[in-house]
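The values are calculated or read from the model by the stated rules, or taken from the named source; none is laboratory data. Just so it is clear, the model here is predicted, and its values are computed rather than measured. Methodologically, a virtual Cβ is constructed for each residue, glycine included, from the backbone with ideal geometry; neighbour enumeration extends over all protein chains shown. All accessible areas refer to the heavy atoms of the entire protein, side chains included, with ligands and DNA or RNA removed. Shrake-Rupley method; radii C 1.70, N 1.55, O 1.52, S 1.80 Å.
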Amino acid sequence: MADLWWIYSKPVPADGRELWTLFLQCSCITVVIGGLFYNWMFASLEYSWHLSVAMAVSFSLLLLLTLLLVHPARCVFSMIMPTLGTKQGRQLLLSTCIMIAVVNITPNIISNIKTILQVIKCICKNSSDSLLNSTALLDKVSWEFGDAIQDSIHSIYKPMNGHFRFSLLQNSSLIYQKMHLAGEKISRDFSSVEVLVKDSIRVTNRLAAGFFMLCLCFESTWYLKNYLTDLRFDNFYITKKLERLATDIRAAHLLVGSSTKLIRPRGLKLSWEEVVLCLVRAMLVTVALMLMLVLVAMDHFAFSVADTAVTKAAQFSTVPVTLNIKYKVGAGLSWLMPFLFKVFGRPSEELLLGDFNRTYHHHLIFSSARCRISPPTPPNPSVLLVVGLLFCILYTTVFLEAYTRRLCRGIAASFFQSCEERRVLYLYRKLSRRHGREQ
């Protein structure tokens, strides 16, 4: 492994064997990166597979030529991998996490809201049907009641017409049509909102992903540029070369006296500044996690409401309605009637015209098996698992960022050893001057 890394980090291969070894190394790297790039474009950014394949092949060929011919590009590319553990990598992972969550959770929430609206639509339709049918019952009652009045015993007291007429049933088709149009409009509105949200998130995620990838490349290039041009940049590590130089000059006490300010690149100790930065970054990731949990909670709440609505709607019992009509009428005798009855020899008691006592039953129905209600969609546990895994990686990168920065410095030192020697010598002289001032 050391020999392979030595060949990979050399500016120019020494012979044909090293050239073929470098070519095989770059080929393996480009094949792996090309596959990951295709999966990222097709699965995460949701490009078509034709475009994803074309972009992955083109990117792999360009990357192979760049790694094989440009030595600083190999260094920058090697630092991109640990740079994924820094702020730019977290932003890229966070955009991927948001894309996965929004694309999979938001349609689920909208689907459950549609189910709730379908339940409301079903209840409104069936209750309106029951109310319209109740007018038919009233129409039947009115006709029977009118017939009873018309069939009274004495024709001289018979009214001209005892029937009532209900015209509400004539507009039932119009009511159904308006309800259907309203339901279709709501469905179209929700579908358009769903498509708009998906398209907006997809475009935003693609732009953000491209921007963060450029930031990754820029940050690695910026680090290498500062490493090569500024001897003070990120130069506070006790490396093996510095220890060897201090031992040769018999100045090892400089490293011991400055141990509180210098860091061993392969050690696990973090400085106080690094610990504070880790805590601040962890708080920012926690804020993003809270927002994601709100979205997940909305998904569970929408499913719970939709499931309860469907269950309760199926359990709605019919409401019995009883209409009881008791009717009794008689002809009272005024001051003129006794005289007439005496003239015609009729009895003077009160004349009973008839009785009416009937009971009618009706049921109000709020739900029906004929309603087309889509079942509520439960939250996808695989999406929650992936989102949780990505946030675990985000928290891991927060505390590993200091170590990834040390790794970037080690990569740059292995690619540019002459520059590393100058930086070690500069740090040694700086420590010597500081020690002299303290003395």
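Restricting attention to region 81-127, which residues are β-branched (Val, Ile, Thr) and either outside the structural domain of Glu184 (by the TED database) or under 18 Å from the mean Cα position of the chain (by Cα) (or both)? I'd like the intermediate steps shown before the answer.
Residues of region 81-127 that are β-branched (Val, Ile, Thr), as a first pass: 83, 86, 96, 98, 100, 102-103, 105-106, 109-110, 113, 115-116, 119-120, 123.
Answer for region 81-127, where residues must be β-branched (Val, Ile, Thr) and either outside the structural domain of Glu184 (by the TED database) or under 18 Å from the mean Cα position of the chain (by Cα) (or both): Thr96, Ile98, Ile100, Val102, Val103, Ile105, Thr106, Ile109, Ile110, Ile113.
Go through region 9-31 and give me each residue that's among the hydroxyl-bearing types (Ser, Thr, Tyr) and closer than 12 Å to Leu67 by Cα. I'd like the intermediate steps shown before the answer.
So in region 9-31, the residues among the hydroxyl-bearing types (Ser, Thr, Tyr) come out as 9, 21, 27, 30.
Scanning region 9-31 gives Ser9, Ser27, Thr30.
Within region 16-26, can one find any residue that is assigned to a helix (DSSP H, G or I), open to solvent by 30 Å² or more (accessible area, probe 1.4 Å) and aromatic (Phe, Trp, Tyr)?
Yes, region 16-26 has at least one match.
Does Phe339 satisfy the criteria of being in contact with a helix residue (DSSP H, G or I) (Cβ under 7 Å, 6 or more places away or on another chain), modelled with pLDDT under 85, of a type in the set (A, V, I, L, M, F, W, C) and open to solvent by 70 Å² or more (accessible area, probe 1.4 Å)? Let's see the steps before the verdict.
Details: in contact with a helix residue (DSSP H, G or I) (Cβ under 7 Å, 6 or more places away or on another chain): no; modelled with pLDDT under 85: yes; of a type in the set (A, V, I, L, M, F, W, C): yes; open to solvent by 70 Å² or more (accessible area, probe 1.4 Å): yes.
It is false that Phe339 is in contact with a helix residue (DSSP H, G or I) (Cβ under 7 Å, 6 or more places away or on another chain), modelled with pLDDT under 85, of a type in the set (A, V, I, L, M, F, W, C) and open to solvent by 70 Å² or more (accessible area, probe 1.4 Å).
It is to be established whether one or more residues within region 174-192 are closer than 30 Å to Ala412 by Cβ, modelled with pLDDT of 65 or more and out of contact with any Gly (no Cβ under 6 Å at 6 or more places or on another chain). Give the steps one after another, and end with the answer.
Step one: list which residues in region 174-192 are closer than 30 Å to Ala412 by Cβ, which gives none.
Checked against the condition, which is being closer than 30 Å to Ala412 by Cβ, modelled with pLDDT of 65 or more and out of contact with any Gly (no Cβ under 6 Å at 6 or more places or on another chain), region 174-192 yields no hits at all.
Would it be correct to say that Gln118 is in contact with a Leu (Cβ under 9 Å, 6 or more places away or on another chain) and not basic (Lys, Arg)?
Judged against the criteria, Gln118 is not a match.
Kindly provide the set of residues from region 232-244 that are among the hydrophobic types (A, V, I, L, M, F, W, C) and surrounded by 17 or more Cβ atoms within 10 Å (Cβ to Cβ), ordered by number. I'd like the intermediate steps shown before the answer.
First pass over region 232-244, keeping only residues among the hydrophobic types (A, V, I, L, M, F, W, C): 233, 236, 238, 242.
If the condition is that a residue be among the hydrophobic types (A, V, I, L, M, F, W, C) and surrounded by 17 or more Cβ atoms within 10 Å (Cβ to Cβ), then Ile238, Leu242 are the ones that fit.
Regarding Thr96, is this residue modelled with pLDDT of 90 or more and either open to solvent by less than 80 Å² (accessible area, probe 1.4 Å) or out of contact with any Phe, Trp or Tyr (no Cβ under 6 Å at 6 or more places or on another chain) (or both)?
On the way: modelled with pLDDT of 90 or more: no; either open to solvent by less than 80 Å² (accessible area, probe 1.4 Å) or out of contact with any Phe, Trp or Tyr (no Cβ under 6 Å at 6 or more places or on another chain) (or both): yes.
So Thr96 fails the test.
If we keep just the residues of region 309-336 that are part of a helix (DSSP H, G or I) and open to solvent by 70 Å² or more (accessible area, probe 1.4 Å), which is modelled with the highest pLDDT? Full working, then the answer.
To start, the set of residues in region 309-336 that are part of a helix (DSSP H, G or I) comprises 309-314.
Now drop any that are not open to solvent by 70 Å² or more (accessible area, probe 1.4 Å), which leaves 312, 314.
On the way: Lys312: 77, Ala314: 71.
If we take residues in region 309-336 being part of a helix (DSSP H, G or I) and open to solvent by 70 Å² or more (accessible area, probe 1.4 Å), then Lys312 is modelled with the highest pLDDT.
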